[in-house]
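Encoded as structure tokens, the structure appears first; notes follow it.
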Amino acid sequence: MRIGILGGTFDPIHLGHIRPALEIKTQLQLDEVWLMPNHVPPHKQSTNVDSQHRVAMVEQVCLQYSELKLCDIEIKRHTPSYTVVTLQQLTQTYPQHQFYFIMGMDSFINLPSWHLWQQLFELCHIVLCKRPGWHLETSHPMQKILNKKAISSATHLAKSQVSQSHSTFGSIIPVEINLQDISSTQVRKKLQSNEDVSNLIAPCTENYIQQHQLYLP
């Protein structure tokens, strides 16, 4: 199977996570997209609610959207969630799958700060989400990597139909999708101010937050 991986703190999960995941699944003809909550993100000090609640909210979203699945490999880990370590474990556990790690351009340009980041290209394809018309500065160090490894979604799909070999890992597949201008910080602020968030999060997430009285002032 062809599996997309979308990681994050999901604190809380919102439509800015869900809609792009579904769009990428369709565009790249993926079988599923796995939502992977982080336990201890290396770049953040803490989360606003505990892991149990964040996993539960993702689980409910996955029940609502059959294309999405919960991947709890990182949430069970009690050390920082390094992506390379996670993908090494996933490829060992599921050798039959091909993994597509989904990230935004902001994460991509900071990739050299990630733990053993170059090994990512041995374990998965990178799906690079960018806003229509947005381009990386030609002088940026990651532009060279992008020039070397970028492949269009159409070309990648054509190649994948010919060969299912995992030796073809390492491509960067830029995709132009309708990125949602939503952040978990924005959702939390509105919840703390008792403002309407129905256009930012799924109904099941809003119900869960209300039921458990999360993100209160």
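The values are calculated or read from the model by the stated rules, or taken from the named source; none is laboratory data. This one's a predicted model, so the numbers in the text were calculated from it and none came from an experiment. Every residue, glycine among them, receives a Cβ derived from its backbone with ideal geometry; neighbour counts consider all protein chains shown. Accessible surface is based on the protein model in full, side chains and every heavy atom, while ligands, DNA and RNA are left aside. Shrake-Rupley method; radii C 1.70, N 1.55, O 1.52, S 1.80 Å.
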Open item on the list: Cβ-Cβ under 9 Å, sequence separation 6+ or interchain: first residue in the stretch 180-203 and within 20 Å of Q64 (Cα to Cα) and at pLDDT below 95, partner among the polar types (S, T, N, Q) and open to solvent by less than 50 Å² (accessible area, probe 1.4 Å). Which pairs?
Closed with: S184/T9
Open item on the list: If I filter the stretch 1-17 down to residues being small (G, A, S) and part of a strand (DSSP E or B), which single residue comes out as farthest from the chain's Cα centre (by Cα)?
Closed with: G4
Task: Pairs where the first residue, in the stretch 52-68, is within 21 Å of R2 (Cβ to Cβ) and open to solvent by 20 Å² or more (accessible area, probe 1.4 Å) and the second is modelled with pLDDT of 95 or more and part of a helix (DSSP H, G or I), C-beta under 7 Å, 6+ apart - done: Y65/I18; Y65/L22; E67/L22; E67/K25
Open item on the list: Against the definition (in contact with a helix residue (DSSP H, G or I) (Cβ under 7 Å, 6 or more places away or on another chain), surrounded by 19 or more Cβ atoms within 10 Å (Cβ to Cβ) and at pLDDT 95 or above), how does L35 come out, yes or no?
Closed with: yes
Task: Number of positions in the stretch 126-155 that are under 22 Å from P20 (Cα atoms) and at pLDDT below 90 - done: 7
- [ ] Could you grab the pairs with beta carbons closer than 9 Å, sequence gap of 6+ or different chains, first residue in the stretch 98-117 and over 24 Å from K159 (Cα atoms) and open to solvent by less than 20 Å² (accessible area, probe 1.4 Å), second one among the polar types (S, T, N, Q) and part of a helix (DSSP H, G or I)?
- [x] L111/Q118
